[in-house]
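The structure appears below as structure tokens.
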Amino acid sequence: MAEISTKLGQNLKRMRIAKKLSQGAISRKLEVHRAYISGIENGKRNPTLATIQRLAIALGVSADELLK
């Protein structure tokens with residue numbers, strides 16, 4: 001499980017930076033605390049499928065792109 005969490009976090013960070021979005025900008029779109037986004041990016045949080053979908057929408061990508 002740790003491997004998929006790490007991969008999700010790496011992909012989230014890479015895509016977020018590519019779109020020039022801060023953790024704060026993503027957290028405001030999802031209405032969560034910035035520390036939650038940081039935890040996901042660092043592989044320390046395991047978001048629900050609904051949250052992964054919301055992250056994908058905020059980034060303008062598909063959910064499977066975040067998990068590849």
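Solvent exposure of the stretch 1-63, expressed per residue, is 62 Å² of accessible area, with all protein chains present and a 1.4 angstrom probe.
In order along the stretch 38-52, the Karplus-derived 3J(HN,Hα) couplings, from 6.51 cos²θ - 1.76 cosθ + 1.60 at θ = phi - 60°, round to 4, x, 5, 4, 8, x, 9, 10, 10, x, 6, 4, 5, 5, 4 Hz, and Gly and Pro are given as x. If you wrap the tightest convex hull around every Cα atom of the chain and split its volume per residue, you get 70 Å³. Fully extending the segment from Glu31 to Thr6 would add 6.8 nm, taking 0.36 nm per residue of separation and subtracting the current Cα-Cα distance.
The values are calculated or read from the model by the stated rules, or taken from the named source; none is laboratory data. Quick caveat: nothing in here was measured; it's all calculated off a predicted structure. With ligands, DNA and RNA removed, areas are computed over all heavy atoms of the protein, side chains included. Shrake-Rupley method; radii C 1.70, N 1.55, O 1.52, S 1.80 Å.
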